[in-house]
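Here is the structure we will look at, set down as structure tokens.
None of the figures in this text is laboratory data; all of them are computed from the coordinates on show. Predicted, not measured: the structure shown is a model, and the values here were computed from it. Cβ coordinates were reconstructed from backbone atoms using ideal geometry, including for glycine residues, and neighbour counts include every protein chain displayed.
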Amino acid sequence: MVQIRTYDDLTEEEKAKAISICVDSLLSTILQGLGFADELNRDNLQARIDAAIQKAEDMFTPWFAADYIMDTCKEDITDMAICDAEDALYPDENKRCIVLGS
């Protein structure tokens, strides 16, 4: 039987890995078109993301877009990733868990 753990049950190393995975997933989703409503959120996150992506395109290095986003939006992205990691459930070490749906 697979024992499911929450974020609080993880070791510090596991928490760091979970956050890293969530950062990578969020960046991938942003690069696939996820957008943020700057006016509604009363910030300029989407504008900074757009500028970072444009910088990558202008330099003919689109593969660095995620790095440029992190250069200007690291705190925002990391905070969202932490929330995602805290909301996730984790199987025991070395156990596989199949997730259906989203």
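Just a few scattered comments:
- Against the main long axis of the alpha-carbon atoms of the chain, helix 65-87 sits at an angle near 30°.
- Evaluated with a Cβ-only charge set (Lys, Arg +1; Asp, Glu -1), the chain carries a dipole of roughly 320 debye about its Cα centre, given to the nearest 20.
- Residues Glu39 and Asp71, FRET efficiency given R0 of 30 Å [Cβ-Cβ distance, rounded to 0.05]: 0.80
- Per DSSP, loop trypsin sites (Lys or Arg not before Pro) in segment 18-59 with at most 10 further Cβ within 10 Å: Arg42
- Cα long-axis angle, helix 45-58 against the chain (0 to 90 degrees, to the nearest 10): 70
- P(r) tail, the chain: Cα-Cα pairs separated by more than 17 Å, 59% of all pairs.
- Kirkwood Rh and Cα Rg combined as Rg over Rh, evaluated for segment 1-51: 1.17
- Only lysine pairs 8 or more places apart or on separate chains count here, and in the chain those with Cα atoms under 18 Å apart total 5.
- With Cα atoms, 0 to 90° folded angle of helix 12-31 axis to the chain main axis: 40
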